[in-house]
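Quick notes on the structure that follows.
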Amino acid sequence: MDSNQYVIGIDYGSDSVRSVIVDASNGKELASSVHEYTRWKKGLFCKPAANQFRQHPLDYIEGLEITVKECIKIAGGDAIARNIKGIAVDTTGSSPVAVDKTGTPLALLPEFESNPNAMFVLWKDHTSVKEAAEINEHATRFTTNYLQYVGGIYSSEWFWAKLLHVLRADEQVKQACYSWVEHCDWIPFLLTGGTNVADMKRSRCAAGHKALWSETFGGLPPDEFFSSLDPLLKGFTERLFKDTYTSDVAAGVISAEWAQRLGLPADVKVGVGAFDAHMGAVGGQIEPYHLSKVMGTSTCDILVAPTQDIQDTLVKGICGQVNGSVIPGMVGLEAGQSAFGDTYAWFKNIISWPLNNLLDHSKVISPEIAEALKVELSEEIIPELSRQAALLPIDDVNELAVDWFNGRRTPDANQLLKGAITGLSLGSDAPRVFRALVEATCFGAKSIVDRFIGEGIPVKGIIGIGGVAKKSAFVMQTMADVLGMPIRIHQFKHTCALGAAMFAAVVAGIYPNVEDAMNAMGRGFDVSYEPNEANKEIYAKRYQQYLSLGEFVASQVAESKSVLADN
């Protein structure tokens, strides 16, 4: 390959966007930049108590421009920019938005600029629980099982449930909504200057895992499936897509407008987008039958297997299995936990209540010192809890938790489920409760591994990527002990963005396929956590306790739901 060829990977997370410029010859990072979404950071357009989480497209646009331009500046300016050959993007998902015929998100139009229903419905928005339940019940009426490639259960975190909810909830948006577009499809469309949503190249990854697209069906399920669910959906399949594209395919060439805005050459190739965990798995150098765990606010667990190995195997209760969703030529299988880092953040917020609500009113210290204290202590809470929790003895009478604080993604999606903590006593303190929460998230991870194995898909090892994997040795060691298998941590900080950069290198023609890009640009692993054999027996017992507590919580939720229905 020619020297001095660079690519850009852009990773849209839940709270921020990060861009990296990477040397395509060896994967070395030349520059990175992170931008926190301005409106999201202020809590705008969200109602956590109602499980409503919306993001304004301007947060995405501003973050794109800020981070790419800053990366170019850090890397060396025009001397680097003129040799950038490709861009690829990953995003959270399913995070769709209502658009008009031009593919413009409605929130970018003046009449919708402050309407949450006209914005991107973030993956963790669970306002469409009712609609997901209706889809699951409706699917049983058809001879063809349209849910067979998404684990048999449709989730409120996904494409169709969110569309139906928005159409029902907002008459103005319903009238203006021509099509429904994933975040990972819209950013490449934006960068290439798209003006007709019908020309948008839709991601195989997003369509297969969240929108019921399948090669077996020849595309999406028929209009009859959706229109008989609710007439509001009649005709929508015609305004969506039939064909989908893997992320080694170019969505197009950067538009003149965006080349100028970002300071890039006019011939930069832009790749078809995908979800963060799927590109992150590539950045983390995924191997067949090794589970790549992207550990951040939630977890997305990705496993790839050769197509000929899978054949007719269908794994129940996961987030789909799609040919080419990760690496073309292999089946990508997705699972995950709806709350992982979010569980720790929730507990941090609970015990930080006095800091956040009382310190500003102190008569002892100045407002400036109060703010400085909040910042200092906030950064120390989780690290110190981890240090103290690691010193505690492991026992089967310790505090025990279930990790469904944002519902359960897998196995067997149920967003109505709740978290729980039991075994509390007057001796329960913050480190003990925190350890119970960490164990619960690790037990949740084990339930996913067990489901794969139980369905005939071996799991040979774990690859850890993402913020939690990089920052918390305590969580990773606990997970290795609970799973009873080693966990390798990828050394690249922004692994999802690196994966996007690898796809950008393929799209730009620098490498012929994803495997070659991974081999050349992979940066390897810097830490490995080995399971502690001494903890094997006690964690096996604790895991059974976790499963029993989970069954009890699920029964209580079902009973409450039944009572509400009767009333």
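No lab work stands behind these numbers, since they all come straight from the coordinates. Keep in mind the model is a prediction, meaning the values are calculated, not measured. Neighbour counts are summed over all protein chains in view; Cβ atoms, including those assigned to glycine, are modelled from backbone coordinates with ideal geometry.
With r defined as the distance between the Cβ atoms of Glu380 and Thr422 and R0 fixed at 25 Å, what FRET efficiency is calculated, to the nearest 0.05?
Efficiency, rounded to the nearest 0.05: 0.35.
What would the Debye formula give as log10 I(q)/I(0) at q = 0.09, 0.12 Å⁻¹ for the alpha-carbon point model of region 413-567, no solvent?
Results for region 413-567 at q = 0.09, 0.12 Å⁻¹ read -0.44, -0.71.
In nm, give the distance between the simple-model label positions of Thr38 and Asn513, each being 7 Å from the Cα along the Cα-to-Cβ direction.
Simple spin-label model gives 4.5 nm for this pair.
For each of Val326, Val468, count neighbouring Cβ atoms within 10 Å of the residue's Cβ, then give the residues from fewest to most.
Val468, Val326
Find the Rg to Rh ratio for region 1-131, where Rh is the Kirkwood radius over alpha-carbon pairs and Rg uses the same atoms.
Here Rg/Rh amounts to 1.06.
Give me the dipole magnitude in Debye, nearest 20, for the chain about the Cα centre, with unit charges on the beta carbon: positive for Lys and Arg, negative for Asp and Glu.
220 debye
With a cut-off of 18 Å, note down the residues of region 379-400 whose backbone N falls inside the zone around a label point 7 Å from the Cα of Lys541 toward its beta carbon.
Hits in region 379-400 for Lys541 at 18 Å: 392-400.
For Phe275, list long-range residues whose amide hydrogen, built 1.01 Å from N in the peptide plane, is under 5 Å from its own amide hydrogen.
Counting only residues 5 or more places away or on other chains, the set is Thr91, Ala206.
Ile394 label point, 7 Å along Cα→Cβ, cut-off 13 Å on backbone N: hits in region 522-564?
Answer for region 522-564: 530-544.
Express in nm, to one decimal, how much length is gained between His361 and Asn196 on full extension, taking 0.36 nm for each residue of separation and deducting their alpha carbon distance.
That works out to 54.0 nm of additional length.
Take the alpha-carbon centre of region 232-271, take the same for region 313-366, and report the distance between them in whole Å.
29 Å
Using amide H atoms built 1.01 Å from N in the peptide plane, name the residues 5+ places from Ser179, or on other chains, whose amide H lies under 5 Å from its own.
Val99
Run the quick spin-label model on Glu62 and Leu30: label points 7 Å from Cα toward the beta carbon, then report their separation in nm to one decimal.
2.8 nm
What does the extension gain come out to for Ala473 and Glu70, with contour length at 0.36 nm per residue minus their alpha carbon separation?
This chain segment gains 142.0 nm when fully extended.
Which ordering of Thr127, Thr67, Thr195 is given by a fewest-first count of other beta-carbon atoms within 10 Å?
By the 10 Å Cβ count, ascending, the order reads Thr195, Thr127, Thr67.
Counting other beta carbons within 10 Å of each residue's own, what order do Met119, Met502, Met518, Met479 fall into, fewest first?
In order of increasing Cβ crowding within 10 Å: Met518, Met479, Met119, Met502.
Measuring from a point 7 Å past the Cα of Ala558 along Cα-to-C-beta, which residues in region 449-467 have an amide N at less than 20 Å?
Counting only backbone N, you get 451.
Return the lysines within reach of Lys85: Cα separation strictly under 27 angstrom, same-chain partners fewer than 8 residues apart disregarded; answer none if there are no such residues.
Answer for Lys85, where 27 Å is the Cα cut-off: Lys28, Lys69, Lys73, Lys201, Lys269, Lys493, listed by chain and number.
Can you tell me the convex hull volume per residue for the chain, based on C-alpha atoms, in Å³ to the nearest whole number?
Residue-normalised Cα hull volume stands at 164 Å³.
If one computes the Cα centroid of region 175-213 and of region 1-44, what distance in Å separates the two points?
Their Cα centres are 21 Å away from one another.
Please give, to one decimal in nm, the separation of the simple spin-label points placed at Glu368 and Lys47, each 7 Å out from Cα toward the Cβ.
Taking the simple label geometry, Glu368 and Lys47 are separated by 4.1 nm.
Just want the answer: with Cβ charges of +1 for Lys and Arg and -1 for Asp and Glu, which residue in Ala118, Cys319, Met200 is farthest toward the dipole's positive end in the chain?
Result: Ala118.
What is the gain in length, in nm to one decimal, between Thr307 and Asp412 on full extension, counting 0.36 nm per residue of separation less the C-alpha to C-alpha distance?
35.4 nm
Suppose a student asked you for the relative contact order of the chain, using Cα pairs under 8 Å spaced at least 6 residues apart; what percent would you report?
Averaging sequence separation for qualifying contacts and normalising by length gives 16 percent for the chain.
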